[in-house]
Amino acid sequence: MKRTILTAIALLIGVAASAQSDKYRNSFDFSLKNGTNNKHEVRLTVGSAPLFEDDFFVYDYFEPNITEHHEMIHPNDLYYRGALKTSGGYALSYMYSPCRWFSVGMYAGYVGQWQKIHLRSTQAAVSTSTERHLMFVPTVRFTYLNRPMVRLYSSIGIGVGFCRERTRNVDGRLEFSENSRFCPAEVTFLGVSVGRRLFGFAELNVGSLGCCSAGIGYKF
Amino acid sequence: MTMKRFICLIVALIALSSCTVSEGWDPNPDYVAHKAYNLAINEVHQQIHILSYAQTVDYYSRSGDGERETIEDQHLLNTRLRQTDEGWEVVRGGKLAFTFIGNTPLGEVGSVWSVKVNHNFYTYNASLTTNQYWTIECTGENRWKVRQSAIYESHTSEVEFDIVAGDLLEAQLESSPIYKYTVEGECSITQNEKLVAPYRIDMKIMEPVVFDNYNYYSNYKSTTYTEGKMSIRVTDFVTGEWVTTPFHYTIAPERSNIKIEYLLIN
């Protein structure tokens, strides 16, 4: 319900901003060279070091502490988790710009994580745990420098995500399976995009796609 | 053209660095052995702590007013002793912790004290399900046999230790036993199958375990226990299988010198 309300607010801001825009001004023309009003934009984004809710609160697979003297022995104590490999965040997004300084849209993103589980006594890998996150995040973007070639902006987005977790043993047999929902969010503190129709961008951000991201985009 | 190259370069750099590998857990193969030892030594610690209380109560009960003030200042800063019809009560942090029941001096051979541990008093984060009765029996000069059978929410424990008390330490009863102790005997800890896991830890002391907290307070790399050797077995009481290979745990004054020897099973 919260997500629906937030999405509606983001869309309403877009409509309000659109109403304030001046249709007759050339300032819309991001690509003066081509003489077109480039209100639409698609982007392909790659992010590094994605963060999820778990990273901010309690991680399910919290490493046990050997110095805790009063802890009972749990079945999980017989195993340890190896290095966590994260694919990075990949997203395809669409943005609509009703006016020069404001855009609204959504991205569909993917992040994969892999971790091997080892038996402590032999150190042998006994299973592999994978988590695949698919997320849809409505986003609003505020552009504060808008030149034909260079733009500076910030953005914020919050949405809904689906996580599929599977643990398979070395023979491929499914040991654990869980599907869950989560709340992905993304805040871009500073982004810079360079180019006209075809452009590249780099962003400093924090959220489900990563702590810094970059990619290419196309305006039409 | 230059701009396109720049854009491609940035995107390629981010794409290549987007995959991250973060460090895994400590792969310590002795992890379960250390945990089993921690649980076993915790049982030892509880018994010598209770015995310390009993010795202090006994000493306090036989002292005059001036001496009692000295005992209170040195060892009972946040603890109060209260005399009742059946014995002495120990109040810690405003809660009734223990009741000692016994009419004969604790140091008299053959003397048996009963200790009622209040179930509302949480000892070492493990809550007792009901009031529990433990016994302390004097078996010789400065030597006691402590028997305990307790039911906690997370586990049950059966303990029988022979404990010899040594020198008085500069410590507060609230946080530590106040004598040096040498402990022999055995204990078993059976975990709650539903709340934790169906594991049982059996510990037998092979070489006397020595408690000397002086080292602990003078050097934080050290342990409170300086000597001793235990034989520990951890079994799954449902399947009957070992949870970890049985092992001997040799205590050393420095943590780095602790030795774990796994036993070969035919």
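Just so you know, all these numbers are worked out from the coordinates, no wet-lab data involved. The structure presented is a predicted model; accordingly, all values stated were derived computationally and were not measured.
The percentage of C-alpha pairs in the range B:50-123 whose separation is greater than 17 Å is 42%. Using θ = phi - 60° in the Karplus curve 6.51 cos²θ - 1.76 cosθ + 1.60, the 3J(HN,Hα) couplings for the range B:74-79 round to 7, 10, 10, 4, 10, 10 Hz; x is entered for Gly and Pro.
Above 18 Å, the calculated P(r) of the range B:18-154 contains 62 percent of its Cα-Cα pairs.
With the convex hull constructed from alpha-carbon coordinates only, the range B:31-262 shows a mean projected area of 12.9 nm² over all directions.
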